[in-house]
Every structure is written in C-alpha cells, then in structure tokens.
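These notes concern the structure reproduced below.
The values are calculated or read from the model by the stated rules, or taken from the named source; none is laboratory data. These figures come from a predicted structure and were not determined experimentally. All Cβ positions, glycine included, derive from the backbone under ideal geometry; neighbour counts span all protein chains shown. These area figures cover heavy atoms from the full protein model, side chains too; ligands, DNA and RNA do not enter into them. Shrake-Rupley method; radii C 1.70, N 1.55, O 1.52, S 1.80 Å.
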Amino acid sequence: MSGDVFRKVRSAERTLDLLELLAGSAEGLSFSQIGSALGLPKSSLSGLIRTLDARGYVAKTPDRRRFRLGPKIAELSAAIQPDGSVLEAATQAMRRLARQTGETAHVAVLEGASAVYVAVEESMHSMRMATAPGQRLPAHATAVGKCLLASLRDDTIARLLEQPLVARTPRTITAMPELRRELAHIRRLGYAYDAEELVAGLHCVAAPVLDGAGRAVASIGVSIPSARLEPAGVTRTAALVFQAAAEASRVARAPEEVWRSGRLRAAWSMATLRQEAYQIVYQTVERFSAEAGVDVLWADARNDANKQAADVARMLELRPDVILIHPEHALLAEQLFTQASRAGVPAINFQRPVRGRDIPFFVGGNTYEQGRMTAAFVARALAGQGAIAIIGGDPSNDNARNLAQGIYDELRDYPGLRVVSDQPCMFWSRERARELAEAIVREHGATLGALIVANDDMAGGVAEVLAAHGLARKVLLVGGDGDLDALRRIRTGIQHGTAFQDWVALARETLQFAITVARQEVDLSRLQHRSLFYSPPGPPAYVLDLPYIFADQRSLGPLEQLWDAVLEQGGGAG
C-alpha cells in the first residue's frame, strides 16, 4: 500500500533479528555472542530472551550455556498447510489407492509432533484400521508421520520431539538415535513402513506428497492388518503407494537423485540394526564407504520379513550396482535373491545364510564352527560331566540351526554331558530368553551345570534370571556375538564366555568384497565353494568366511581390542 505511512516496530524488529540469528546456528549462541551480533544492551537482551524462552520460541541448549530456537518455532513451521490443490490431488490419489488395494487409505499432514489425518477412505473388510479425518496420532509411531518427519532437518525434529517418545506397542521406536537412523533411510528410499509400531497386528506403508518446491507437505498411506499380509502383497502395495504419492506430487524425484554422484552404488538391506554387532557393522561401513568410493543405501527391516520384502523391491527399483541382503526370515528370503537376479543386480547373502539357487555369494561366519567351539569350552569347563540347557535362536533361522548342529556334534564326544532342555527362542528375543531361563531354572536349577545361549543379548536376560535364583557364577553361562555388556559380564564372572567375530573387520571386508562383485572382479579361486548348511546341506555358494573367536576370562584380549577400537571411533549401541 504505497500511500500508507509504514512505521517499523523496534521491539518486533529486535525479536525477528534474534530469531533469524539463532536460525543460522545449529549449535546455539551464548548470551554475549547474541548481544555482540545484535548490538543490544544486556538489560534489553535479557528481557527479550526471557520472554521468548517463556513462550517456547527460544530454548537453552542441554549444557545451559547457549540459546537456540525453541520447539514453538518448529510447531509453527509444521503447521503451514499445503495448498488446496495439493491436498485435493492427494485425496483423489488416495481414493484410487483404496480401490486398488482394498485396504484403508489415508492422507495425513504434520502438526507439531502429530500426524493428523485429513482424508480417509476405509476398507470394505470388516477387519480394518478405524481412522477418521481430524484424528491425531504420534508421528514417530506411524508410517505417514515418519514420512513427514523425514522431510525435516534433524535439529527441527529434535525440537519437535523433545518429550520422551511414547511407546504405543513393543515395536514403537522410542530411542532418538534409532529414529534418526530410520528417518535418514526414509529420506533416501522415499517411503516409510510401520510394522506394528502404532497398533499390534497392523502394518502401514506410506510415501510423501511433494509440493512444487520439493517439500513433503502431506503423505499417503495404506494400512493392512497382519492377517492379510504376505511379502508379495505388501511389495505390490508399497509400489502402489509410491505411485499414488508420485501422482499427487508437484515434482518427481528421479532415481539418480537418490545416489551420490561418482560413487559405486551399493544397497544393503539388514534384518535388524538393533543388535549391537550389526550397529558396529553399520557404523564401520558408514565410516569407510566414502573413502572406498561407495555410496551405501541402507534399509532396516526391523525384524519384519514383509518390510524387508518391500525394502528390497524399492532398492532394486533404484538400480544399485550390488545389493547385500541380511535376511530376516530364512524360509522367505530366497525370493529376495531371485528378484535381484531378475533385475540383473548381483547379490551377496550377508551373515544369515539362505537356501536357494540364486545366491552366488555369502559373506559372514561359519556358525556351525561357532557351535562346536562353544560346546568344546563348556565340555572342558565341566570336565565332561553334567547337565546342560540350551536356549537357541529363532527356529526359522538357518544360523540358529547351524549353531545347534555344531553344539550337538561336539557334545557327541562327551557322553558324560547330557542336554536336559533345548528351547528355541523366536526372534532372538531377550524377553523370551528370560522366560525360557526361568522355566529351565525352576525345573533343573539344582543340577544344572551350564546354559548355552544363542547370543549375548539373550544371555543378558538369562544372567538376570540366574542372579535372581542365586545361581550367578555357579551355573556356567556362555553366549555369542561379543557384546560390550557380555565383555563386562565375563570380566566379573557373571558370564563365562562368548564366541564372536571381529565385527569391524567383517564390515570392512564385506564392503571391499561388495566392490569387487559390483565391478565383476571377484577371484573365485580365493573363495570356498561349499554349502552354507550342515543339516541338511543345501546348494553351494562362494563363501568369504571371517572366523569366530572364543573369549573367556583368560582370553579376553581380542574382544577387548575390538571394543577399544569401536569405542575410540565413537561406535557401539545407538
């Protein structure tokens, strides 16, 4: 309005100057730095900061020495709604998606830390997700919400989610490091998956809707009850969701934009990144991939075979030079390698062996030999006499079967040792291992000489049960993987041994091997060509083994060196 006399409000200008100054500093600024930059007297600046702090627009950093933007800024930013044309396009795409899948579809936007459903098309099935427009759900526990969080910067996410992350189910992500990792993967893969993180028995696939500037302003999702879920179906649904979101978006993202230019492209699908050993692999590969000239695109199946099927299908669409697959479910994994073969992408079976004809390479360890060395240690410690209980791994996992076969083959040489209980543990669960140990101790505690446990996370739960029954240090306890807590337990005598691999070395060797596979430079004469299985054997593959090492109180050196190296690099659980 050219005829109006405009008079700037000095206090408003000071406020905006302060907010814009803090917006340019992710680490925050001290009181004196702010005062120097703005040229304000201490008294004026103190009152201004106190007011903004009280309203949530400014907050102190955790060390209380600096100031940064507060959570209210992120809430206001997240409340900016997409224009009506984008929402209308998303709603139309959602309705087509519901007809194509037969499942409940929805459009959501982000408001603060919540995903707000703005449109819903319900499934005709009697068993379905019950949602309604206007419903608010925690963004970190939903696929539609994670899509939208992934579009934000990490510092904005931290301000939005300053409160503890609430667990809606046992599968909800509640740790910020894990959520940040998951969101980083979503940004590159272009879609999100919720595997029973909001409601037990319900899965959701979602993809972001982009405005003309490429910002994720809404998300489209489909919810599927577990009873109607299977890998081929969820892969098709994920593709339809991605297509629907792309149709509603104002701009498209080409596959080339996913990859960092000039680097070899490696896709890596992990069954889980929650286990400490696999976090070390992840962190090591991330640390060394750049210098090796490799761009690694990750996906964490979070112990869900359906999510892994969708992850692998999406990764293959993005045309990697090589794909590494760490299978969640051995009996369902062959189709993942078959898909890679059909896509013309060379595949490496990482760490968990799979039975199948389309598995040319395996990199990992020989868990049969791990079983033998574990049983041999127990036999020597018990002088060949006594009762043993075994808590094995997931019965659908061939690593668990190989491990068990190695244990039993070794125990045949010791007729004085008898196995009084052998219990498989679904999903390698610490909680389930604790329940199994409780039952074993109640029945056999008076005569029990040793407990062999499939991994160290489960052994941690078993150690708690032994301590509760006054059997800590009395019953021999051995595990596997070489976790940091296991090292501490062995030092104090609560656990007696663990069989492990050098996870840092495994990560680096696997990365280098993936490069040679992608470049078709593999020297097959340097690899073993054998079955990955022992009972019964399966088709042979070319194998790069990293041997297992057994550590007890007298031989902790290699395990301590591993953890010294990991901790020095800032690795470990996270």
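Side notes on the structure shown:
- Candidate set: region 175-216, residues that are more than 18 Å from Asp304 (Cβ to Cβ) and touching a Pro at 6+ places or on another chain (Cβ under 7 Å); chosen: the one modelled with the highest pLDDT: Ala216
- Members of region 449-470 that are closer than 16 Å to Gln423 by Cβ and over 26 Å from the mean Cα position of the chain (by Cα): Ala450, Leu451, Ile452, Val465, Leu466
- Candidate set from region 550-566 (those that are in contact (Cβ under 8 Å) with a residue 60 or more places away in the chain and open to solvent by 30 Å² or more (accessible area, probe 1.4 Å)); member that is farthest from Arg180 (Cα to Cα): Gln553
- Residue in region 197-213 that is within 16 Å of the chain's Cα centre (by Cα) and over 23 Å from Trp268 (Cβ atoms) present: no
- Tally, over region 496-526, of residues that are free of Cβ contacts under 8 Å to residues at least 24 places away in the same chain and either touching a helix residue (DSSP H, G or I) at 6+ places or on another chain (Cβ under 9 Å) or farther than 23 Å from Glu291 by Cβ (or both): 5
- In region 407-448, of all residues being small (Gly, Ala, Ser) and under 30 Å from the mean Cα position of the chain (by Cα), the one that is surrounded by the fewest Cβ atoms within 10 Å (Cβ to Cβ) corresponds to Ser429.
- Residue within region 522-529 that is assigned to a strand (DSSP E or B) and within 20 Å of Gly365 (Cα to Cα) present: yes
- Among the residues of region 86-112, those that are part of a loop (DSSP other than H, G, I, E, B) and closer than 13 Å to Val241 by Cα comprise Gly102, Glu103.
- When each of Ser226, Ser219, Ser249 is tested for being closer than 21 Å to Leu183 by Cβ, under 25 Å from the mean Cα position of the chain (by Cα) and open to solvent by less than 60 Å² (accessible area, probe 1.4 Å), the lone residue that passes is Ser219.
- Residue within region 110-124 that is on the phi > 0 side of the Ramachandran plot, among the small types (Gly, Ala, Ser) and touching a helix residue (DSSP H, G or I) at 6+ places or on another chain (Cβ under 6 Å) present: yes
- Selection within region 527-542 - without any contact (Cβ under 8 Å) to a residue 12 or more places away in the chain and open to solvent by 80 Å² or more (accessible area, probe 1.4 Å): Pro536, Pro537
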